[in-house]
Amino acid sequence: MALYLLYESASGYGLFLAHGIDEIGQNTEAVRNSVVDLNRFGKVVRIAAFNPFESALDALNQCNAVSEGQMTEELRNFLELSLPKVKEGKKPKFSLGVADPKIGSHIHEETKIPCQSNEFVLELIRGIRLHFDRFIENLKPGDLEKAQLGLGHSYSRAKVKFNVNRVDNMVIQAIFLLDTLDKDVNSFSMRVREWYSWHFPELVKIVNDNYLYAKLAKFIEDKSELSEDKLSGLVDILGDEDKAKEVVEAAKASMGQDLSPVDLINVKMFAQRVMELAEYRKKLYDYLVAKMGDIAPNLAALIGEVVGARLISHAGSLTNLAKCPSSTLQILGAEKALFRALKTKGNTPKYGLIFHSSFIGRASAKNKGRMARYLANKCSIASRIDCFSEKSSTSFGDKLREQVEERLDFYDKGVAPRKNIDVMKAAMENDSNQDTEMEVENASSKKSKKKKSKDNEASDDGDKENTAANGESKSEKKKKKRSLEERLESNENGKENGEETGKKKKKKKSKVVEAVDAPAVSEGKKKKKKSSVE
């Protein structure tokens, strides 16, 4: 049976035929010895086909697919064209040697090509990798190294950029910093107490909180200057008028020694630093809560943000925590006690980091182990949901927390808890309801956006119409102006002509009037004459 070897290089896919295996034998040691000598290895392996990558982006995509054990369409076409064709109903007379068993199984599932991956094949591929530049013709020296360097950089950059666990790093760093800040704030607060107690020792018994003590040390400074005038400021800091009066009375009868102004300035500055650290610790805790709500909302809802972050930090990532069985998660953080118990054949620990959960503290002494086992089981489920689900919601975490509460009641009071299948169904229904509500909200927001856009378009159209109407009105006004000017000109010309014709008409009329008046006068004379005769 012929043996073909698939080699994925930085410049393309290579298919090699191991035709002279009988010369070196099937022994892995013999192949290992023949790899170094090119003349001897060249007789055993020869290149059958080579398919170069089209671009650096194509090389990166092919490399990502191979690393995940997936056969791409390009690789499938290359194998189908390069390998001997098999008739239907007959077994192939060859096999394909691959370096990764995952991609071998995928190739066999898709193309029915028999694949193998063993030490013998790996040694042959090692020899191909060593002498690959000699098998490819027209390959300039240094080209393969450049391709390997460029692909290595782009592949590493893509892995860092698209790393599934990259967000977990922020949580891991935050919880480490939070623990460090707790230690530092406590030690610095004790130093402030010890330092300021030389001046005002009675204040330690009155104020127990470290942050308030540092705030008071900064506010009071010199105890001899503390009087009733500063009582309102003390009330604002302490929140209790009785305590504020007690501080003022204690300052009046204090047994502490006096400090110089320089010492008081240093104490004040150190108290200010402690206050800033305490405030930053609160902000960091809020940041951790927000991050846990985004990364592992169900785990945070079940066991709390700080304990969940410690579990993720100890496991290394959320994916590693999801891969852990519940028995491992139960004792996570108690490895020393476990190995000591195994070494001394003593009792193994019942809980690790999950001991800090409130559920373990609320359980009775005889039920702490059982409660830890049950809680670890639910934490394992919550971490897997958070890691592998596409949607982030706290519906499952809330239901799992209810189950743990019911289990506590069962251990204490004997109340039978609900079945797991019923609880999961209820969680899935809540999750689906939340999705429908989100879809409705998105649809309503889209509708409102569409209405706004339509209104804007309508207003734009109205503006355009107004502008068009204004344009039309302007043109009409211009036309009207021109027509009025023409009319005025015509009227003026008409008036001039009318005046001339009017003068002529007036002359004619006057002549006619004179002619009419003349017989009237004659008639009047005749009447006068007749009257005189009579």
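Odds and ends about this structure:
- Annotation: of all residues in region 319-352 being of a type in the set (A, V, I, L, M) and part of a helix (DSSP H, G or I), the one that is most open to solvent (accessible area, probe 1.4 Å) is L342.
- Top-ranked residue of region 103-136 - restricted to ones that are touching a residue at least 40 places away in the same chain (Cβ under 8 Å) and charged (D, E, K, R), ranked as most open to solvent (accessible area, probe 1.4 Å): R134
- Every residue from region 304-318 that is buried (at least 24 other Cβ atoms within 10 Å of the Cβ) and small (G, A, S): G308, A309
- Residue match in region 215-233 (condition: of a type in the set (A, V, I, L, M) and farther than 15 Å from Y196 by Cβ): yes
- Residues in region 283-303 that are closer than 16 Å to A376 by Cα and open to solvent by less than 20 Å² (accessible area, probe 1.4 Å) were compared, and the one that is nearest to the chain's Cα centre (by Cα) is A296.
- Qualifying residue in region 247-255 (condition: surrounded by 20 or more Cβ atoms within 10 Å (Cβ to Cβ), farther than 21 Å from Y196 by Cβ, in contact with a helix residue (DSSP H, G or I) (Cβ under 8 Å, 6 or more places away or on another chain) and among the small types (G, A, S)): no
- Within region 233-242, the set of residues being farther than 12 Å from L216 by Cα and surrounded by 11 or more Cβ atoms within 10 Å (Cβ to Cβ) comprises D240, E241.
- Any chance P141 is more than 35 Å from the chain's Cα centre (by Cα), part of a loop (DSSP other than H, G, I, E, B) and surrounded by 14 or more Cβ atoms within 10 Å (Cβ to Cβ): no
- Filtering region 54-97 to residues that are open to solvent by 20 Å² or more (accessible area, probe 1.4 Å) and among the small types (G, A, S) leaves S55, A56, S67, S82, G89.
- Checking each residue in region 388-423 for being part of a loop (DSSP other than H, G, I, E, B) and free of Cβ contacts under 8 Å to residues at least 24 places away in the same chain picks out S389, E390, G414, V415, A416, P417, R418, K419.
- Scanning region 69-116 for residues that are in contact with a Cys (Cβ under 6 Å, 6 or more places away or on another chain) and not hydrophobic (A, V, I, L, M, F, W, C) returns G104, H108.
- Taking each residue of region 212-239 that is closer than 19 Å to V274 by Cα and looking for partners that are loosely packed, with under 15 Cβ neighbours inside 10 Å with beta-carbon atoms closer than 7 Å, six or more apart or interchain, yields K218/Q272; F219/G233.
- Pick from region 395-434, criterion under 22 Å from the mean Cα position of the chain (by Cα) and open to solvent by less than 60 Å² (accessible area, probe 1.4 Å), ranking: nearest to G352 (Cα to Cα): G397
- Of all residues making up region 170-211, the number that are in contact (Cβ under 8 Å) with a residue 24 or more places away in the chain and within 40 Å of the chain's Cα centre (by Cα): 17
- Subset of region 363-387 [under 28 Å from N347 (Cβ atoms), touching a residue at least 24 places away in the same chain (Cβ under 8 Å) and open to solvent by 80 Å² or more (accessible area, probe 1.4 Å)]: R370, R373
- Within region 376-429, if we keep just the residues that are farther than 24 Å from L332 by Cα and among the small types (G, A, S), the residue that is modelled with the lowest pLDDT turns out to be S392.
- Only residues that are touching a strand residue (DSSP E or B) at 6+ places or on another chain (Cβ under 7 Å) and aliphatic (A, V, I, L, M) were counted in region 99-131, giving 6.
- Flag for V274 being within 24 Å of the chain's Cα centre (by Cα) and not basic (K, R): no
- Just so you know, in region 30-60 the residues that are in contact with a strand residue (DSSP E or B) (Cβ under 9 Å, 6 or more places away or on another chain) and among the β-branched types (V, I, T) include one that is farthest from G150 (Cα to Cα), and it is V44.
The values are calculated or read from the model by the stated rules, or taken from the named source; none is laboratory data. Quick caveat, the model's predicted, so the values are computed rather than measured. As a convention, Cβ positions derive from the backbone with ideal geometry for all residues, glycine included, and neighbour counts pool all protein chains shown. Areas reflect the complete protein model, heavy atoms only, side chains present, ligands, DNA and RNA absent. Shrake-Rupley method; radii C 1.70, N 1.55, O 1.52, S 1.80 Å.
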